[in-house]
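We did not get these values from a lab; they are worked out from the coordinates using the rules stated. None of these values were measured; they are calculated from a predicted model. Using ideal geometry, Cβ is built from the backbone for each residue, glycine included, and neighbour counts are taken over all protein chains shown.
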Amino acid sequence: MLRRFSSRSSLWRWIPPILWMGLIFFLSSQPTLPRYPNEMVDTILKKTGHVVEYAILAFLFHRVFSKGTDTIRIQPLLISFALSSLYAASDEYHQTFVPGRNGTPVDVVIDALGAVLALSTVYLKAPSPGKSDQKFNYGGQAVIEGVMMRGERNMAVAIREPSGKIVIHSEPLKGRIYTSRIWRLPFVRGLTMLWDALVLGIRSLAFSAQVASEGEVEFSGPMTWGILAISLVLAIGFFFLVPLLLVSLLDRYISSPLAINFIEGVIRLLFLLAYIYAVGFVPDIRRVFAYHGAEHKTINAYEDGAELTPAVVRAYSTAHPRCGTAFLLVVAVIAVLLFALLGRPVMWLRILSRIVLIPVIAGISYELIKFSATHRHNPLVRILILEPSLALQGLTTRQPDDSMLEVAIAALERVLSMDSADEQAEAQD
């Protein structure tokens with residue numbers, strides 16, 4: 001009786017994906033679809049529709065093959081992705097027989113992306129076997145003569161004064177971007193990392209500059225926000241808009257939108273690599289890169305459960321799979337793929353898209369970095385994501401001395417003690 005009930009439940013779970021496939025087939029059978037007057041907006045809406053359609057289909061397939069359990073298993077994810085992608089390919093082929101419609105391989109890729117987004121969300125939200133109590137991933141950022149460390153609820157920045165004394169500033173992370181559950185959702189939490197890199201990072205950098213120069217020490221203020229605004233404008237202008245303007249000179253010679261967007265992405269990636277390589281020759285930046293190496297060594301030692309002393313931490317690698325340098329590389333690659341799907345609208349819309357889609361690119365890139373760090377031993381993940389990212393870190397890290405390791409350890413220990421105190425206070429309540 002129980003087996004018969006289970007069999008019926010499995011059959012009932014097949015009904016939603018079958019109905020959804022029928023709806024997709026019906027829409028694909030229509031000779032024409034409503035069009036938005038603006039070509040670029042129409043393209044974005046339709047491509048977004050593809051992503052949503054197949055994200056839902058993949059999720060429904062996963063409900064069938066996971067059999068309603070919350071425990072994550074790889075096999076149902078792979079089967080759901082394969083079926084969704086196969087149906088996407090068959091649907092595009094079907095459209096070649098519909099008057100006024102045409103199927104393209106690009107749409108199959110976009111459909112598969114929708115499936116990946118849905119299944120990634122399922123994977124990240126579900127509890128893994130034997131890992132119900134996972135540790136928070138601590139991270140940080142090198143600054144002038146110091147290191148900033150970010151914890152789950154607190155941050156600390158430790159700076160070496162010219163006198164040799166270590167100065168530490170710490171504070172709780174109380175903003176809604178850190179406390180709200182919305183900002184912890186997959187693809188949204190990447191914006192938290194972007195906020196850390198821009199706001200928290202710039203504040204820490206300005207603070208470190210004041211300590212190093214023995215000036216008036218202040219962690220925030222008008223100067224900090226002014227530096228943030230200028231840095232943001234320069235970064236967007238140099239890495240997103242200048243490559244677009246340069247490649248626009250080739251518009252008359254290259255008719256393929258896919259090719260012109262790919263060339264733009266290659267130029268952007270070359271700009272990033274050239275910039276990182278060039279600043280490495282500046283003596284002060286080389287010291288920042290050494291503190292970057294100290295930050296990585298300290299985090300690696302902590303995650304390995306090692307004692308946090310310079311003698312122990314010194315033996316660990318200066319590379320780390322969750323590094324911000326890796327994030328920048330993935331952002332550059334994702335930008336190539338995403339912008340290639342937008343075609344070639346008028347210039348002002350192309351400029352607007354490069355600015356507006358930065359949060360989207362950041363969200364996708366963060367999930368890829370997080371996924372690669374979790375699956376660092378997978379050969380495919382290592383080849384496609386980890387190895388290029390770790391190689392690039394060779395440009396942004398240097399071997400630190402023991403005094404630099406002391407600074408990084410001091411910052412992390414302060415954050416760990418503050419997070420621990422908050423957890424104990426909550427337990428007592």
- Task: Only Cα pairs under 8 Å and at least 6 apart count here; give the relative contact order of the chain as a rounded whole percent.
- Result: 17 percent
- Task: Counting only GluC sites (Glu not before Pro) that are in a DSSP loop and have at most 11 other C-beta atoms within 10 Å, tell me the longest site-free stretch of the chain.
- Result: 1-213
- Task: Compute the FRET efficiency between VAL356 and ILE15 as 1/(1 + (r/R0)^6), taking r as their Cβ-Cβ distance and R0 = 56 Å, and round to the nearest 0.05.
- Result: 0.90
- Item | Backbone HN-Hα couplings from phi across segment 321-326 [Karplus 6.51/-1.76/1.60, Hz, Gly and Pro as x] | x, 9, 5, x, 4, 4
- Taking segment 290-375 as the region of interest, what is the percent of Cα-Cα pairs per 10 angstrom bin, listed from the shortest bin to the one with the maximum distance? 16, 34, 24, 15, 9, 2
- Message: I need the peptides 153-162, 329-338 ranked by packing, meaning the mean over residues of other C-beta atoms within 10 angstrom, with the highest value on top.
- Response: 153-162, 329-338
- Message: Under the 0.36 nm per residue contour assumption, what length would be gained going from the current alpha-carbon distance of ARG252 and ASN137 to full extension?
- Response: 36.6 nm
- Could you check the simple spin-label distance between ASP304 and TRP195, using points 7 Å along Cα→Cβ, in nm with one decimal? 3.4 nm
- Query: Using 7 Å Cα-to-Cβ label points, what is the LEU273/VAL242 separation (nm, one decimal)?
  - Reply: 1.7 nm
- Query: What is the ratio of the Cα radius of gyration of segment 139-428 to 2.2 N^0.38 Å, where N is its residue count, to two decimals?
  - Reply: 1.05
- Message: Need the full-extension length gain, MET347 to VAL98, defined as separation in residues times 0.36 nm minus the C-alpha distance. One decimal, nm.
- Response: 86.3 nm
- Inter-probe distance in nm under a simple model that places probes 7 Å from Cα toward Cβ, at THR43 and GLN30: 2.2 nm
- Item | segment 2-125, Rg to Rh (Cα coordinates; Rh as Kirkwood inverse mean 1/r) | 1.03
- Task: Would you mind checking the tilt of helix 402-428 against the longest principal axis of the Cα atoms of the chain, expressed as 0 to 90 degrees and rounded to 10?
- Result: 70 degrees
- Using a 10 Å Cβ count of at most 16 others and DSSP loop calls, identify the longest part of the chain lacking such chymotrypsin sites (Phe, Trp or Tyr not before Pro). 282-429
- Item | Kirkwood-type radius of segment 319-429, with distances r between different C-alpha atoms, in Å | 17.1 Å
- Total Lys pairs in the chain closer than 30 Å by alpha-carbon, pairs eight or more apart in sequence or interchain only? 23
- Message: How would ARG350, ARG189 line up from fewest to most surrounding beta-carbon atoms within 10 angstrom?
- Response: ARG189, ARG350
- Cβ-Cβ cut-off under 10 Å around GLY103, Lys and Arg +1, Asp and Glu -1: the net charge is -2
